[in-house]
Amino acid sequence: MEKMYHYFYPMESIQPVIEISNLHKSYSKNQVLKGINLNVYPGQIIGYIGPNGAGKSTTAKIICGLLSNFEGEVRVKGISVKENPLAVKKLIGYVPELAELYEVLTPHEFLSFMADLYEIPRQQAEERFTKMLSAFGLSNNLHQRMETFSKGMRQKVLIVSGLMHNPEVIILDEPLSGLDANSVIIVKELLSKLAASGKTIFYSSHMMDVVEKISDRIVLINHGVIAADGTIEELRAQKGNLSLEKIFANLTSQGAHSDVAAEIMDAFDFITETKESTA
Amino acid sequence: MNFINAFLLSLFMKPAGFYKRLGVDITKLKSLLTCKLIMDDRQPFSFGQSRQKETKEPVNNSTWLALGVYSLMGLLFIIFFFFGESPILHFTAFFSIYIVMLTLSLIIDFTRVLIDVRDNFIILPKPVNDRTFLVARILHIAIHISKMAIPLFLPAAIVVIIQHGIGGLAAFLLALLLATVFSIFLINATYLAILRFSKPEKFKSIINYLQIGFTILVYGGYQLLPRLINKSLLEKFDLNELPWINAVPSYWFASLWQMVTQPVWIPNLIIGSFLAIGMPVAGIYLVVKVFAPAFNQKLSLISGTSDNAPTLLSKGKKSLSWGDRISKWITSPGPEQMGFDLSWRMMLRSREFKMQVYPGIGYILVLLIVFMFQKNNLYASSFLINNPENRFGILVVLYSPALLIMAAASQLHLSQSWKASWIYQMSPAQKPGQIINGSIKAVIAQFMILPFLLIGISGISLNGVAMLPSLLLSAGMQTMMLYLVSLINNAYLPFSQPITKSGGDGTSVANGILAMIIIGIIVFIHWGIFSNIWLVLTLAVVSLSITWLIHKRITNKPWRRISFAKDLA
């Protein structure tokens, strides 16, 4: 695994933006991350994929400084998340997976408060988020309470709140959930532009088709360890020219999917034919 | 932001220099507090509001509403200062109600308003230091408590000035401060106890039960306090003489007041005033040093992390629950049994249903206690039916389950997850009425069988078979009423309607009141014909026959007579 990083940046001189070494994390007795080692370089879009419960969100939260109780070392631009979480938080824009926001507030109020927390002057913040929300087609909803918003509208407000302070590292946890097809295209386009301007993007998701299209590099985790790491082309070359969906399935599921499907079909005749079909 | 919030905010931001020295970022602190206070104002006001209403209208100005309600209560509390001559009694009574009110309403508000788990996703990823976040949370709690405490004690404070002068007021305010600190300690201790002895997932339902208890307490206090005062029972003895009085925390603060203003050297008073100072100080030390770290850690568990894998339940056969057994016994397989099983579980598990119906249990208890007070004492002999004087009371007991049954009947078609009722629309059931019948039977099984067993056994053991006719008639009448209310309400399938502002469609509330009036009339008729056993038995048979007819009618209700929520189409 160690060798693979050098496919991307053979020159030792480039400093990784995110450095994760030997990361372990447990919730009570349940060990979620079992030694993650990962370096992410400037301008990369990392697609961080894995089945439910593999530890995707946990990794994202640790990089953001939301979870402090972990073993190993995580650095963002050379700053240790454990030692100086505040400095790291200033560099990061985080878009959480659930549409978690204070929905009794209006987007204008919510984003103004968030701007205060990033120490962006109110005037400048207002100009920025008004522009961003208008681009998302929410200019008429600026002073409307978010209680009535659809999931997609809330997600757009969250994306704006994550990008508003022009962060160097952007961490997105399922950012496209609830968005309609047009908004998905806009966000994909936006991510490419952000990466082109030198931002580093850590994109955690299980929407394979999107990950396949936008990521420079795909990191697949399973059972708390990295199961595959590389560009989509490299992964294809290694795994026999399959789609990402198939590669994912091969690496993460214990039995073949067709067996599962067969088992489901079996349920209809479980009284008479189970023995014959399993025999 | 309204005037009160703005005023309190500027008041609590006065020691900005001090906060700054603690390492707090003042701009961020103010921004966080403003945000939280605006949100408070738009949260529905918690008091007595036991369920979330699905309303399209945005909530505004809860602060003013809360202020009004708490001021009214504060005015009510000054009653204590006018009965009897002993200030120690006045203050003990006042501090009792003050501590109880503050503690219970804060326990509810803590999870709902003050400790918002969304903060973990929204504020924590932002560059806000721990001190700022902590001070913001403490100040938010302090502002919240002030909004509640000031209207509660202000009327009493005025009375204290009139009765005891400025010195009396100063001592009162000191005791109040300590009592408030003690209440905060109680809340923390309650939270930690709940978290210690139960799973985090259970936390919210325990808070809900506390909320139900709170509703009953307020209702009970409203019913019982005036009667207690009328009894003038309390005037006759001196609190200071009671050996166990220092087990009552409110006595400590009363004795502190006494010792500061007009010292009387009685051991109980001396101990009490020491406790009044010592306990809050020890409590706040425990909260800051021991509880707070554990508290925050435990609280994060309430929200639950999405990464936690669901607990695996052991496979294998589940034993039959009571509900399953009863349903096998009293329903026919198919839609009716489905209606029963679904309703049985929903009634036991749905928060909003329990919040609406379970206080009824408390109301029944209060009703029985009030009845007891009227009798002045409660002997088994007051339930003997040969004495005509007892009969009305006995009927009140016999018909008391109706409070519960009617509440359940009026809630049966309401649910927060009403959208799940698409399953009915998709089902090929021939007679949807059978589902409704199943759910009515579930109400009978859950809310009638046990009370009637209790009433029946105690009634028969006291009165023998002479009890049977009235028992039968009251059971028949209540069953009939249940079916009748369902017939009127039952264009709806169980748990298929959204909870709207008026509780269903408005008419169901009116139906509930109407049902109670009719029950009242039935009680009077029953009372009038009590001694005519044959007439009682005949009416019992008639009521059961009507019940059977309604049951038939509901069973045969066709799909076109069933209404679904408008949005579900």
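Each principal axis of the Cα cloud of the range A:1-160 was evaluated for its coordinate range; sorted largest first, these ranges are 51, 40, 28 Å.
Measure up B:K36/B:K147; A:K29/A:K61; A:K77/A:K156; A:K34/A:K61; A:K151/B:K28; A:K131/A:K213 against 21 Å on the Cα-Cα distance and list the ones that go over. Table pairs above 21 Å Cα-Cα are A:K77/A:K156; A:K151/B:K28; A:K131/A:K213.
Report the accessible area of B:T215, computed with a 1.4 Å probe over the heavy atoms of all protein chains in place, in Å² rounded to the nearest 10. Accessible surface of B:T215 is approximately 40 Å². Of all DSSP beta bridges confined to chain A, the antiparallel ones make up roughly 55%. When the alpha carbon gyration tensor of the range A:84-206 is reduced to an equivalent ellipsoid, the three semi-axes, largest first, read 20, 18, 14 Å.
The calculated pair-distance distribution of chain A uses every alpha carbon pair, bins of 10 angstrom beginning at 0, and gives 6, 26, 31, 21, 10, 4, 1, 0 percent. Calculate the length of the line joining the C-alpha centroid of the range A:73-129 to that of the range A:167-182, in whole Å. Here the two parts' Cα centres lie 15 Å apart. Each other residue within a Cβ distance under 14 Å of B:G272 adds +1 if Lys or Arg and -1 if Asp or Glu, for a net charge of -2.
Where only DSSP H runs of four or more residues are counted, chain A gives -11500 deg cm²/dmol as its mean residue ellipticity at 222 nm, each run worth -39500 (n - 2.57).
Relative contact order of the range A:154-263, taken over Cα pairs closer than 8 Å and 6 or more residues apart, is 17 percent. Only the Cβ atoms of Lys and Arg (+1) and of Asp and Glu (-1) were treated as charged; on that basis the dipole of chain A about its Cα centre amounts to roughly 760 debye. Shielding value for A:88-96 is 3, the average number of Cβ atoms from other chains within 10 Å of each residue's Cβ. Its Cα gyration tensor gives the range A:45-125 an equivalent ellipsoid. The semi-axes, each the square root of 5 times an eigenvalue, are 26, 18, 11 Å from largest down. Charged neighbours of B:P127, selected by a Cβ distance under 10 Å, balance to +2 (K, R count +1; D, E count -1). Given the whole protein assembly as supplied and a 1.4 Å probe, what does the accessible area of B:I488 come to in Å², nearest 10? Ignoring ligands and nucleic acids, B:I488 comes out at about 110 Å². Computed over the range B:53-195, the Cα gyration tensor eigenvalues convert (square root of 5λ each) into semi-axes of 33, 18, 14 Å, ordered from largest to smallest.
Partner shielding of B:22-31 amounts to 2, given as the average count of beta-carbon atoms from other chains within 10 Å of each residue beta-carbon.
Stokes-Einstein diffusion of the range B:386-440 at 20 °C, 1.002 mPa s viscosity, Kirkwood radius from Cα pairs, rounded to a whole number: 147 µm²/s.
Take each residue of peptide A:77-86, count the partner chain Cβ atoms within 10 Å of its Cβ, and average: the result is 1. Counting heavy atoms of the protein chains alone, A:E83 has an accessible area of about 150 Å² for a 1.4 Å probe.
The values are calculated or read from the model by the stated rules, or taken from the named source; none is laboratory data. Since we're looking at a predicted model, the values are computed, not measured. With ideal geometry, Cβ positions are generated from the backbone for all residues, glycine too; neighbour counts draw on all protein chains shown. Accessible surface is based on the protein model in full, side chains and every heavy atom, while ligands, DNA and RNA are left aside. Shrake-Rupley method; radii C 1.70, N 1.55, O 1.52, S 1.80 Å.
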